[in-house]
Amino acid sequence: MTREAEIAELVTAARAAMANAHAPYSRFAVGAAVRLTDGSIVTGCNFENASYGLSLCAETVALATVNAQGRFADVAAIAVVGGAMDGAGAAIVTPCGRCRQVMNEAEQIAGRPLAIYCATPDGAQIVEHTVAALLPHAFGPADLGITPVRKN
Ligand code: ZN
């Protein structure tokens, strides 16, 4: 599979996850798809709650699911797609600040650059980012004097 085909497949998986968003409050659905080093894909979608503050973002759900599978050190890339559930707007969505911090953790644990693909809801436009570009001067394990431990 070409690099472009792999990116398109990851964005398609994120779009499919977006359809499962539990977002009755914001009415803004987000899907995320994480590519692992063996090529497999793990997805997540936003998971809102009536108490608002407990809501989880798609990227965090996907990365926590990867961790629950014991694969956090195998993260290689993540695609993010989002948009209003009424179809209004078609802009490329980028991760929120908390998710950027979670992505930095994933990159530090994996010990390799994490490619971040942000796409329009229809997947037609894709922009690639790095953690360093999205979260300059990040706080991470090294700031706590900790060397990330890779479980696998
Ligand atoms: Zn977020």
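Numbers at a glance
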read-out	value
Relative packing of peptides 21-34, 113-126, 84-97 - highest average C-beta neighbours within 10 Å first	21-34, 113-126, 84-97
Tilt relative to the chain, helix 3-18 - C-alpha long axis, 0 to 90 degrees, to 10	60 degrees
Inter-part distance where the range 53-69 and the range 28-44 are each reduced to a Cα centre, Å	10 Å
Estimated distance in nm for a label pair at Thr130 and Thr65, the labels positioned 7 Å out from Cα along Cα-to-Cβ	2.9 nm
Test item: Cα-centred dipole of the chain, Lys/Arg +1 and Asp/Glu -1 on Cβ, debye	240 debye
All-pairs Cα distance distribution in the chain, expressed in whole percent, bin size 5 Å	2, 11, 20, 23, 20, 14, 7, 3, 1, 0
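FYI, it's all coordinate maths here, none of it is from the lab. Just so it is clear, the model here is predicted, and its values are computed rather than measured. Cβ: placed from backbone, ideal geometry, glycine included. Neighbour counts: every protein chain shown.
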